[in-house]
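A.B. asks: If you scroll down you'll find the structure; I have some questions about it.
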Amino acid sequence: MSEALVIVPTYNERETLPVVLIKVLDQEGFDVLVVDDNSPDGTAQVAEHWRAQSPRVHLLRRPRKMGLGTAYLEGFRWGLQRHYQYLVEMDSDMSHNPQDLPRFLEALKSTGAGLVVGSRYLQGRISVVGWNFKRLMLSKLGNLYAAMLLGLPLTDLTSGYRAYSRQALEKIDLEAVHSEGYAFQIEMAYRVYRAGLEVLEIPIVFTERRQGASKMSKRIVREALWIPWRLRFGELKDFWAGSPVALKEG
């Protein structure tokens, strides 16, 4: 068993999944868990084929489309139960380059950080391929909004390419996380940071998917706008209630 697990949620990714699996397996020290939401295009059958070919490929089938956040949470629990030391989030549509995986692991090990985020906006740069100006500005301003409201020293809170240490996932309460989409990424980063663990970024290049449909929706965007307020309100509520945890952190 490898020390790191790459969690790949899928829904109708039959065409791109084999490419992702080949490129992940090319990276030494990484296993991969496909979390499939009963894709009607047969993605799970593709994953089954690869699982039969390699002991480093695993499959978690779910009965229906249940959302990105819950897919990652189930993947985290699966990996923690099997004693992986590092757990990585990665898209299954080739938006994220698997060749970057060793860089995430190196950053976690060399710094002892709880979370390493792959940033599209580090050092004032924009490393995105295939987005129009409107979507780019929505992402850039949305990240700035969430980071300022939550006081997080990050440029790309909504990035879905990231790696957690086992310590970080064991220290936060995964049962309390209920967000989806971009909001899930914001909430997870905030919880790791508030747990007192280091959160840092490394640069990546994000490439818009060429096949299939984007999973972004108005509901996902609304949740991402609302979740920072919910997190801050909960923090203030604990403080005024005299919560020992809040008083210690404040």
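Read the figures in this text as sums done on the coordinates, not as results from a lab. Since this is a predicted model, take the numbers as computed values, not measurements. Reconstructed Cβ throughout: ideal geometry from the backbone, glycine too, with neighbour counts over all protein chains shown.
A.B. asks: Measuring from a point 7 Å past the Cα of Asn97 along Cα-to-C-beta, which residues in the range 161-194 have an amide N at less than 16 Å?
C.D. replies: Of the residues in the range 161-194, 161-162 have backbone N under 16 Å from the label point off Asn97.
A.B. asks: Can you count the Lys pairs in the chain with C-alpha separation below 23 Å, eight or more apart or on different chains?
C.D. replies: The result is 12.
A.B. asks: Per the helix-only calculation at 222 nm, which mean residue ellipticity applies to the chain, given -39500 (n - 2.57) for every DSSP H run of n ≥ 4 and division by its residues, nearest 500 deg cm²/dmol? Please report the intermediate quantities before stating the final value.
C.D. replies: Details: 9 runs with 112 residues, N = 250.
Result for the chain: -14000 deg cm²/dmol, rounded to the nearest 500.
A.B. asks: Mind pulling the per residue volume of the convex hull built on the Cα atoms of the chain? Å³ is fine.
C.D. replies: 124
A.B. asks: Note down the net charge around Val46, summing +1 for each Lys or Arg and -1 for each Asp or Glu among other residues with Cβ under 11 Å from its Cβ.
C.D. replies: Details: positive: Arg14, Arg51; negative: Glu13, Glu15, Asp36, Asp41, Glu48.
That sum, taken over residues with Cβ under 11 Å, equals -3.
A.B. asks: Compute the signed sum of charges (Lys and Arg +1, Asp and Glu -1) over the other residues within less than 15 Å, Cβ to Cβ, of Glu74. Display every interim value, and only then the final one.
C.D. replies: Working: positive: Arg61, Arg62, Arg64, Lys65, Arg77, Arg82; negative: Asp36, Asp37, Glu89, Glu175, Glu180.
Net charge in that neighbourhood comes out at +1.
A.B. asks: Then there is this: Based on the Cβ-Cβ distance from Arg125 to Asp26, what FRET efficiency comes out when R0 is 35 Å, to the nearest 0.05?
C.D. replies: 0.85
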